[in-house]
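The values are calculated or read from the model by the stated rules, or taken from the named source; none is laboratory data. Everything numeric in this text was worked out from a predicted model, so none of it was measured. Here the Cβ is made from the backbone with ideal geometry for all residues, glycine too, and neighbour counts use every protein chain on show.
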Amino acid sequence: MKFKLIFFFILLIFFNYQLVFCNGNESLEFFNEGIQEEIPELKIEAYNRAIEINPYFTRAYFNRGIIYYNLNNYEKAIDDLTKVLKFG
């Protein structure tokens, strides 16, 4: 558990310095939809669509990774948060 928290905070620090590369307005619209949605599964679907349009959209990976983390799906959370570091 301690490792997961340390990993999370390291990603958070790196994320603050990331640039967001959006591929047009459509990916940003899905991203915003994910932010506004309250149901975690629907948030994930919105971020999935944003990532399909722009596979380098680090903020969408970050937000989706946090949702997976909160749902205790640590494997998917680590995959998404690793992509934040890779693409950032």
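Quickly run through the stretch 49-71 and pick out the residues that are more than 17 Å from Thr82 (Cβ to Cβ) and either part of a loop (DSSP other than H, G, I, E, B) or in contact with a helix residue (DSSP H, G or I) (Cβ under 8 Å, 6 or more places away or on another chain) (or both).
Across the stretch 49-71, the qualifying residues are Arg49, Ala50, Ile53, Asn54, Asn70, Leu71.
Determine whether the stretch 30-42 contains at least one residue that is among the aliphatic types (A, V, I, L, M) and either crowded, with 18+ Cβ neighbours inside 10 Å or at pLDDT below 95 (or both).
No.
Looking at the stretch 53-88 only, could you name the residues that are of a type in the set (Lys, Arg) and surrounded by 15 or more Cβ atoms within 10 Å (Cβ to Cβ)?
The answer is Arg59, Arg64, Lys76, Lys83.
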